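**Student:** To start, I am sharing the structure in question, which I have written as structure tokens.
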Amino acid sequence: MKILFALPITLAAVAVAWSQTTGRHAKKSQLDGVWELLSGQPLPKGARDIKILSAGHVMFVAYDTETGKPLYTGGGTYILNGSSYTEHMDFASDVIATGLVGKDQQFTVKLDGDTFTQTGTLTNGKPLSEVWKRVN
């Protein structure tokens, strides 16, 4: 039931992201799928962060698993070239939008089975190091 609240918001955000892109990144990559954050961003107790990568599009949402209320969300397009990974942020919630929307976020990724590590510095100056586990 809790996910039922966050799911429509996530799907709407993904639809917006897809509608704002040109489709130039339609090639499937080894990162395509649904991922859950294992470590990196401090989340409140009971929160979950999910990232969806599909055909050059990215969407992420953190939400409270008890209330189903989103904490933050963002998305846009991505390009993977070897270990170089770039997310272009088309949208983000107010909590995280400053200095990110409309800009390319450059990262290095390492894929190890069903886990990938994403490291870099955001355009707002914040260092980022996250570990994600494949959900599907």
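The values are calculated or read from the model by the stated rules, or taken from the named source; none is laboratory data. These numbers were taken from a predicted model, which means no experiment stands behind them. Note: ideal-geometry Cβ built from the backbone for every residue, glycine included; neighbour counts use all protein chains shown. Heads up: the accessible areas ignore ligands, DNA and RNA and are worked out on the full protein's heavy atoms, side chains in. Shrake-Rupley method; radii C 1.70, N 1.55, O 1.52, S 1.80 Å.
**Student:** Can you name the residue in segment 103-122 that is in a strand (DSSP E or B) and among the aliphatic types (A, V, I, L, M) and is also most open to solvent (accessible area, probe 1.4 Å) among such residues?
**Tutor:** From segment 103-122, those in a strand (DSSP E or B) are 104-112, 115-121; that's our starting set.
Okay, now just the ones that are also among the aliphatic types (A, V, I, L, M), so 109, 111.
On the way: Val109: 17, Leu111: 66 Å².
Residue satisfying both the conditions and the ranking: Leu111.
**Student:** Scan segment 73-102 residue by residue and report those that are open to solvent by 30 Å² or more (accessible area, probe 1.4 Å), of a type in the set (A, V, I, L, M, F, W, C) and in a strand (DSSP E or B).
**Tutor:** Ile79, Leu80, Phe91
**Student:** Every residue in segment 67-101 that is farther than 16 Å from Gly125 by Cβ, among the small types (Gly, Ala, Ser) and more than 14 Å from the chain's Cα centre (by Cα), please.
**Tutor:** Gly68, Gly82, Ser83, Ser84
**Student:** Taking Ser54 as the residue in question, decide whether it is open to solvent by 20 Å² or more (accessible area, probe 1.4 Å), closer than 25 Å to Lys28 by Cβ and out of contact with any Phe, Trp or Tyr (no Cβ under 8 Å at 6 or more places or on another chain).
**Tutor:** Working: open to solvent by 20 Å² or more (accessible area, probe 1.4 Å): yes; closer than 25 Å to Lys28 by Cβ: yes; out of contact with any Phe, Trp or Tyr (no Cβ under 8 Å at 6 or more places or on another chain): yes.
Spelling it out, Ser54 is indeed open to solvent by 20 Å² or more (accessible area, probe 1.4 Å), closer than 25 Å to Lys28 by Cβ and out of contact with any Phe, Trp or Tyr (no Cβ under 8 Å at 6 or more places or on another chain).
**Student:** Which residue pairs have Cβ atoms closer than 7 Å, lie 6 or more positions apart in sequence or on different chains, and pair a first residue in segment 79-108 that is on the phi > 0 side of the Ramachandran plot and touching a residue at least 40 places away in the same chain (Cβ under 8 Å) with a second residue that is open to solvent by 50 Å² or more (accessible area, probe 1.4 Å) and not polar (S, T, N, Q)?
**Tutor:** none
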